[in-house]
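Student: Just passing along the structure, written as structure tokens.
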Amino acid sequence: MKPALKFILVFFIGLELAFIRSLWLNIFTIIGAMIYLLFKRVSIKKFIWIGLIGFVPFVGSWFMYFNLSIDHSAPFAWIMALRVYAYMFLGGVVVYSQTTTQLMRSFEQDLHMNPTFVYGILGALNFLPKMNRQIKIIRASGKMRGVRLTIFSPQLYVKAIYNSFVWSNNLSQAMYAHSFLEDAKRTHYQQKPLTCKEILEFLFMIILSIIASLIK
């Protein structure tokens, strides 16, 4: 399934989880997401990582909703607790099964999102590692002068913002050097149109999630 359709599917199921109290919807979402991630050959370490991160919110949600509900309803507590892992595995589907570049290119090609916005987002995301290195350099330079810069130091962010302005100008020049024009029609090195199979898979998953939400 195309990354854009996958994102819309995850967003739709996320809305269902937020507004529908269904234990079976939570269970089917978790199992379906795990099967899909296994199909994508996601490493077991990432499954363990999701499980460890969600354990504390899972236990906390169960005890909170069980103790605060008027009738101390255990089913309601399980619904709210399992919703934590449902959201986490849905996020894992988006994060671990595709790259950000694939997702943004799918938005542009399949959903016809503004290319300027798409390439701007990709450019900003690609600058994040460079920004992290620059912050480390700024903090190291401060230590050499006897100045300790923490995350609460305004000087750290002022210098980082100044460097980001320089990089922004360099990025725009690089895009125009590669013949990027805002109003021009874009060509693509790899373009795969949506197929009927992908659309049917998308509709099938939507219908399946609706059926799961109706099960009591």
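Student: How far, in degrees from 0 to 90, does helix 3-19 lean away from the longest principal axis of the Cα atoms of the chain, to the nearest 10?
Tutor: Once rounded, one gets 50 degrees.
Student: A further question follows. Return the lysines within reach of LYS143: Cα separation strictly under 25 angstrom, same-chain partners fewer than 8 residues apart disregarded; answer none if there are no such residues.
Tutor: List returned: LYS130, LYS159.
Student: Taking only Cα atoms and a 10 Å spring cutoff, compute GNM fluctuations for the chain and point out the largest among ASN114, ASN170, ASN126.
Tutor: ASN170
Student: Further, regarding this structure: Mind checking which of ILE121, MET80, ALA212 is farthest towards the positive end of the chain's charge dipole, using Cβ charges of +1 (Lys, Arg) and -1 (Asp, Glu) about the Cα centre?
Tutor: It is ILE121, whose Cα lies furthest towards the positive end.
Student: Using a 10 angstrom cutoff on alpha carbons, build the Gaussian network for the chain and name the most mobile of PRO75, PRO57, PRO129.
Tutor: PRO129
Student: Where the centroid of each part is defined by its Cα atoms, how far is segment 89-122 from segment 24-80 in Å?
Tutor: Cα centres, segment 89-122 to segment 24-80: 26 Å.
Student: Using a 7 Å offset from the Cα along the Cα-to-Cβ direction at both LYS185 and LEU38, what is the distance between the two label points in nm, to one decimal?
Tutor: Output for this residue pair reads 4.7 nm.
Student: If you roll a 1.4 Å probe over the heavy atoms of the protein chains, what accessible area per residue do you get for the chain, in Å²?
Tutor: It amounts to 68 Å² per residue over the chain.
Student: Tell me the carbon and sulfur percent of the accessible area for the chain, rounded to whole percent, probe radius 1.4 Å.
Tutor: Within the chain, the accessible surface is 69 percent carbon and sulfur.
Student: Moving on. I need the phi-derived Karplus couplings for segment 77-83: 6.51 cos²θ - 1.76 cosθ + 1.60, θ = phi - 60°, integer Hz, Gly and Pro marked x.
Tutor: Listing the rounded values in order: 5, 5, 4, 6, 6, 5, 4 Hz.
Student: Quick one: if the Förster radius is 45 Å, what FRET efficiency do ILE210 and VAL147 give, using the C-beta to C-beta distance and rounding to 0.05?
Tutor: For R0 = 45 Å, the calculated efficiency reads 0.15.
Student: Which of these, ALA81, ALA124, ALA174, has the largest mean-square fluctuation under a Gaussian network model of the chain (Cα springs below 10 Å)?
Tutor: ALA174
Student: Let me ask something else. May I ask for the angle, rounded to the nearest 10°, between helix 23-39 and the longest principal axis of the chain, with both axes built from Cα atoms and the value confined to 0 to 90°?
Tutor: Around 50 degrees separate the two axes.
Student: With +1 on each Lys and Arg Cβ and -1 on each Asp and Glu Cβ, and nothing else charged, work out how big the dipole of the chain is about its Cα centre, in Debye to the nearest 20.
Tutor: Dipole about the Cα centre, nearest 20: 1020 debye.
The values are calculated or read from the model by the stated rules, or taken from the named source; none is laboratory data. Model, not experiment: these values are computed from the prediction. All Cβ positions, even for glycine, are placed from backbone atoms using ideal geometry, and neighbour counts span all protein chains on display. Keep in mind that these areas ignore ligands, DNA and RNA; they rest on the heavy atoms of the full protein, side chains included. Shrake-Rupley method; radii C 1.70, N 1.55, O 1.52, S 1.80 Å.
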